[in-house]
Amino acid sequence: MSTAIDNFTKNLHDNLEAVEERVKSLKASIQSAPKKTQIEIESQLEEAKTKLDAKKQEFDEYRAKLKTQFEEKESEVKSHVEEWKTSRKVKKLEHRADKAENHAATATFLAIATIEEAEKATLEAIAARLDAEAAAVTTKK
């Protein structure tokens, strides 16, 4: 394999490992949530909100970039690619490969952002359920 492909697949592998670690962290957080107090949940939720707020602009940029990449890809006609291959237009094909690699990296980063948003949403749901249960106990007395 070429060095470019080796580098791309290594970066993709590293990014996917980061996604896997975030998913494991979210899973552990969800599994431990029922054992936590309302204060612990709210503290964890505030921490998640703070992290998301700090990264919000970055995540929005990834979403916009992904949309632009998708639109570019849609406009890239397959016949052009075939013509580039036949004509050996290496620069155009390399540019296309660079864009495809960048698209894959952006999609992976967006997956990480989505996991972080899912963690926040999960914590909000747990906090809301704890509020409802606390209110139900109070009204039964």
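The values are calculated or read from the model by the stated rules, or taken from the named source; none is laboratory data. Everything numeric here is computed off the predicted structure, so don't read it as measured data. Here the Cβ positions follow ideal geometry from the backbone for every residue, glycine too, while neighbour counts run over all protein chains shown. Remember, those area values only see protein heavy atoms, side chains included, never the ligands or the DNA or RNA. Shrake-Rupley method; radii C 1.70, N 1.55, O 1.52, S 1.80 Å.
Could you check, for the stretch 72-82, whether at least one of its residues is loosely packed, with under 13 Cβ neighbours inside 10 Å, assigned to a loop (DSSP other than H, G, I, E, B) and of a type in the set (A, V, I, L, M)? Within the stretch 72-82, one or more residues are loosely packed, with under 13 Cβ neighbours inside 10 Å, assigned to a loop (DSSP other than H, G, I, E, B) and of a type in the set (A, V, I, L, M).
Among all positions in the stretch 85-108, there is no residue which is closer than 23 Å to GLN44 by Cα, free of Cβ contacts under 8 Å to residues at least 24 places away in the same chain and either outside any helix (DSSP H, G or I) or not polar (S, T, N, Q) (or both).
For the stretch 18-71, give me each residue that is among the basic types (Lys, Arg) and either over 18 Å from ILE112 (Cβ atoms) or surrounded by 12 or more Cβ atoms within 10 Å (Cβ to Cβ) (or both). Within the stretch 18-71, ARG22, LYS35, LYS36, LYS49, LYS51, LYS55, LYS56, ARG63, LYS65 meet the criteria. If you go through the stretch 121-138 and pick out every residue that is open to solvent by 50 Å² or more (accessible area, probe 1.4 Å) and of a type in the set (Val, Ile, Thr), you end up with 2. Taking each residue of the stretch 24-40 that is of a type in the set (Lys, Arg) and looking for partners that are open to solvent by less than 50 Å² (accessible area, probe 1.4 Å) with beta-carbon atoms closer than 9 Å, six or more apart or interchain, yields LYS36/GLN44; LYS36/ILE126.
Is it the case that some residue within the stretch 10-26 is in contact with a Leu (Cβ under 9 Å, 6 or more places away or on another chain), of a type in the set (D, E, K, R) and part of a helix (DSSP H, G or I)? Within the stretch 10-26 (the criterion being in contact with a Leu (Cβ under 9 Å, 6 or more places away or on another chain), of a type in the set (D, E, K, R) and part of a helix (DSSP H, G or I)), the answer is no, since none of the residues qualifies.
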